[in-house]
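J.: Pasting a structure below so you can have a look.
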Amino acid sequence: MSKEIRSTIEQIQRWIKSTNSDRDPSPFIGVLEALREAQSSSPSAPIKQSWPSMGHSTSTKTVFESSKTQTVAQLCGWSNVDSKSVGYDHMSLLLQRDEYEKVAAFYIFQMNVNRALGILNEGLQRGGKEELATLILALVGSIRATSTNNDDKALIDEFSSVTKLFHRPYVRAMFGFILTPDGQDLQYECVLDEQLDLNDKVAFAARYLNEQRLYDKLDKLAEESREKGDLQGILLTGLRQNGCELIQKYLDQTSDIRTTTLLSIYAQEDVYQECPYVQE
């Protein structure tokens, strides 16, 4: 079993542990089904959130909040990113790998500018790439450009053109988010079409897309995961029928019977028995 697959299995086990108690033997149902089950009882309420610590900033972002979107954030490691979430310290693991830009992006997506800048400065002090200094300047400038009371669209367009030259996906996504004008019907392709980890796309979508946009995007991501046999997609499909189909696709592509057998332990018995790889 490769290191990447082992990490994926461990993540799936954390998802299951975080949603199931000893009194709840049901299999992990996945984000899509959990959101749809709670749609009527816990609708998302849009609120306006401003950039803190930016003086007289008038720039805001529309955030959609509900108890279920908070659960999604927890599953994806976005629930209070400064503390241990789902049994592991997500941010510390990334910092150990010197992924300062990625951690900074998490804080920007949560509109915590000071923490993002602190992470990038920490990377510089630890001997990180000099590009981090450029990133800090661009980050401060782009947020200020969108936070002024004037209508200097030319300045915003200039920052947008320059920041698109960054090559790393989390950096491009971070600036795409900052420079996108606020609205309640946004798709945020500038973030969600980047090569981000699936759990980060799911958490971002749950926080910033309205319900219709959210379900459209999550359905698309789930289908892409099934087509590719990407086990990370179990976050969306759960371990019911759609999850079984995803696992079967993974097996067809990899012949990794060891991993598929391990995952079948967590599937509901009636679903498990219907899986083609079990019958074979």
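Please treat every number below as a calculation from the coordinates, not as lab data. From a predicted model like this one, the values you see are computed outputs, not experimental measurements. Backbone-built Cβ (ideal geometry, glycine too); neighbour counts: all protein chains shown.
J.: If each residue's Cβ is checked for other Cβ atoms within 10 Å, how do I265, I143, I247, I5 rank with the fewest at the top?
T.: Fewest-to-most ranking of I265, I143, I247, I5: I265, I5, I143, I247.
J.: Another question, if that's okay. Please list, in chain and number order, the residues 5+ apart from E65 or on another chain whose amide H is under 5 Å from its amide H, with Hs placed from the backbone.
T.: So E65 has HN proximity to A45, I47.
J.: Arranged by the count of other C-beta atoms within 10 angstrom, fewest first, what order do R258, R168 take?
T.: R258, R168
J.: Something else about it: Checking the cross-link filter: which lysines have an alpha carbon closer than 27 Å to that of K217, excluding same-chain neighbours under 8 positions apart?
T.: Those lysines meeting the cut-off are K17, K48, K61, K68, K102, K164, K201, K228, K249.
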